[in-house]
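The values are calculated or read from the model by the stated rules, or taken from the named source; none is laboratory data. Worth saying up front: this structure is predicted, and the values here are computed from it rather than measured. Ideal geometry is used to build each Cβ from the backbone, glycine not excepted, and the neighbour counts take in all protein chains shown.
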Amino acid sequence: MKSIDTYDFTGKRAIIRVDFNVPLDENFNVSDSTRIRAAIPTIKKVLAGGGSVILMSHLGRPKKNNDDKYSLHHIVPTVEELLGHKVEFTGDSWGEKAAEMAAALKPGEVMMLENLRFYAEEEGKPRGLAEDASDEEKVAAKKAVKASQKEFTKRLASYADVYINDAFGTAHRAHASTALIADYFPEDKMFGYVMMGELKAIDDVMENPQRPFMAILGGAKVSTKIVIIEKLMEKVDSLILAGGMTYTFAAARGENIGDSMNEKDMHPLALEIIEKAKAKGIELYFSPDALCGNRFAADADTLECDVKDIPKGWEGMDIGTKGKKLFTEVIKDQKTILWNGPVGVFEFDKFATGTRAIADAIVDATSRGAFSLIGGGDSVAAINKFGLADKVSYNSTGGGALLEYIEGKELPGVAAIRK
Ligand code: 3PG
Ligand code: MG
């Protein structure tokens, strides 16, 4: 495998798959630039080595071409500012203009392609099929897009001499730019620094954790976290389960959770997890109390009560005072901490104090030598909102990719470089 550290970029055009799928505010300004900041060292490395850079990314999930809402032109100014370098925007990824600009690119220059997902070929899934399309039509459409996906991939590859995959956040997708394109660069493909850093940080935590090792999992649903909970139970000494899934566990134990979120079909699995943790000797922590709201809104009325006695008309939206105290206490002495998912609806200030308490406790443990890895869009957004990002050991740029990697799945974006 080639390494970005030793590769000679002199006179080479490097096409870099970055994950600039960043949140935009109502004025289309980047509201969290974590992913862009993360990619800067890779870009700078190529430029410093005498090469030129073609950046490519997706943004959101557009369903058609040239949907301005999803145009990457919105983020060009932020990339230029953070890179301290001019970035030429092509306005397209497949058209003649992109090809011409790439051909004319000189060492030291940076250009950026338009949102790759403007074309169905990026994902290789047919678009615009009629709702009542027959099975044959579906198969034919799929075949057609797979064929044109080859053309699209070949075109992207033709722009460059070397391919760098630095899009960890999208590494769980087997798309044209994240996986298929690697085949066109058998001798000239490599990871960027984001990829290298992410894989190492997660491998370190999962394979060689300093003990005690605690995972903190928030998030709304048990159903989306079940595989990772099981996987983590093979590794950790203790586990905090919080966020919306708290109430499904409580309901499974027969407690009164009022109008809180409740995945009834998950009750048997929830009870099984509790039993498994016991059998394995893993400490499993839930918040004993909740801060409830009378509706899901920033200005909801609040009521603090035990999770087992939430009255009708109220739903748990954050952990309560006892939960904050318990979690702060148990996080304090950890040596390795993996945090994924806020413990409350932190987007609403009234319901952000639980997540803040978790963040503070992790920062405290980190300052006393723990390794803390924060992952998943929401937890990283929370830590940024609190201004604590530089006080934890590692902020992952991955959401789904991080979870799948921890679950032990092979990520197509990683495999394409390694194979
Ligand atoms: C993400 O933010 O999850 C990545 O950028 C991948 O995007 P996707 O979930 O739309 O594939
Ligand atoms: Mg995603």
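Structure above, values below:
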quantity: Residues (under 23 Å from Ser396 (Cα atoms) and either out of contact with any Ser or Thr (no Cβ under 7 Å at 6 or more places or on another chain) or within 16 Å of ligand 2 (Cβ to nearest atom) (or both)) located in the stretch 141-178; calculated: Tyr163, Ala167, Phe168, Gly169, Thr170, Ala171, His172, Arg173, Ala174, His175, Ser177, Thr178
quantity: Complete set of residues in the stretch 403-413 that are under 20 Å from Glu207 (Cα atoms) and touching a residue at least 24 places away in the same chain (Cβ under 8 Å); calculated: Leu403, Glu404, Tyr405, Ile406, Glu407, Gly408, Lys409, Leu411
quantity: Search result, residues across the stretch 393-419 that are more than 12 Å from ligand 1 (Cβ to nearest atom), part of a loop (DSSP other than H, G, I, E, B) and farther than 15 Å from Gly341 by Cβ; calculated: Ser393, Gly408, Lys409, Glu410, Lys419
quantity: Complete set of residues in the stretch 199-257 that are touching a Pro at 6+ places or on another chain (Cβ under 9 Å), among the polar types (S, T, N, Q) and closer than 17 Å to Ala290 by Cβ; calculated: Asn256
quantity: Tally, over the stretch 375-386, of residues that are surrounded by fewer than 23 Cβ atoms within 10 Å (Cβ to Cβ), within 16 Å of the chain's Cα centre (by Cα) and among the hydrophobic types (A, V, I, L, M, F, W, C); calculated: 1
quantity: Test result for Ala389, more than 16 Å from ligand 2 (Cβ to nearest atom), under 18 Å from Ile216 (Cβ atoms) and more than 18 Å from the chain's Cα centre (by Cα); calculated: no
quantity: Some residue of the stretch 320-330 being within 16 Å of ligand 1 (Cβ to nearest atom) and out of contact with any helix residue (DSSP H, G or I) (no Cβ under 6 Å at 6 or more places or on another chain); calculated: no
quantity: Some residue of the stretch 297-305 being within 28 Å of the chain's Cα centre (by Cα) and of a type outside the set (Val, Ile, Thr); calculated: yes
quantity: Set Ala270, Ala215, Ala250: member being at pLDDT 95 or above, crowded, with 18+ Cβ neighbours inside 10 Å, under 20 Å from the mean Cα position of the chain (by Cα) and at negative phi; calculated: Ala215
quantity: Conditions (1) under 23 Å from the mean Cα position of the chain (by Cα); (2) under 29 Å from Phe9 (Cβ atoms); number of the one not met by Gly124; calculated: (2)
quantity: Subset of the stretch 273-302 [of a type in the set (A, V, I, L, M, F, W, C), surrounded by 14 or more Cβ atoms within 10 Å (Cβ to Cβ) and assigned to a helix (DSSP H, G or I)]; calculated: Ile273, Ile274, Ala277
quantity: Complete set of residues in the stretch 151-203 that are in a loop (DSSP other than H, G, I, E, B), within 16 Å of ligand 1 (Cβ to nearest atom) and over 16 Å from the mean Cα position of the chain (by Cα); calculated: His175, Ala176, Ser177, Ala179, Gly192
quantity: Test: residue in the stretch 371-381 that is within 16 Å of ligand 2 (Cβ to nearest atom) and outside any helix (DSSP H, G or I); calculated: yes
quantity: Residue selected from the stretch 304-343 under the condition out of contact with any Phe, Trp or Tyr (no Cβ under 9 Å at 6 or more places or on another chain) and either of a type in the set (Asp, Glu) or in a strand (DSSP E or B) (or both), by the criterion nearest to Leu373 (Cα to Cα); calculated: Trp339
quantity: Long-range neighbours under 9 Å by Cβ, at least six apart or interchain, first residue under 15 Å from Glu198 (Cβ atoms) within the stretch 386-402, second more than 16 Å from ligand 2 (Cβ to nearest atom) and part of a loop (DSSP other than H, G, I, E, B); calculated: Ser393/Ala370
quantity: Subset of the stretch 1-25 [over 22 Å from Gly399 (Cβ atoms) and of a type outside the set (Gly, Ala, Ser)]; calculated: Met1, Lys2, Ile4, Asp5, Thr6, Tyr7, Asp8, Phe9, Thr10, Lys12, Arg13, Ile15
quantity: Any hit, the stretch 275-283, residues being touching a Gly at 6+ places or on another chain (Cβ under 7 Å), modelled with pLDDT of 95 or more and on the phi < 0 side of the Ramachandran plot; calculated: no
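Results for (1) surrounded by fewer than 17 Cβ atoms within 10 Å (Cβ to Cβ); (2) more than 16 Å from ligand 2 (Cβ to nearest atom); (3) under 23 Å from Ile374 (Cα atoms), shown as yes or no for each residue.
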position: Ala14; (1), (2), (3): no, yes, no
position: Leu24; (1), (2), (3): no, no, yes
position: Phe28; (1), (2), (3): yes, yes, no
position: Ile36; (1), (2), (3): no, yes, yes
position: Lys44; (1), (2), (3): yes, yes, no
position: Ala48; (1), (2), (3): yes, yes, no
position: Ile54; (1), (2), (3): no, yes, no
position: Asp68; (1), (2), (3): yes, yes, no
position: His74; (1), (2), (3): no, yes, no
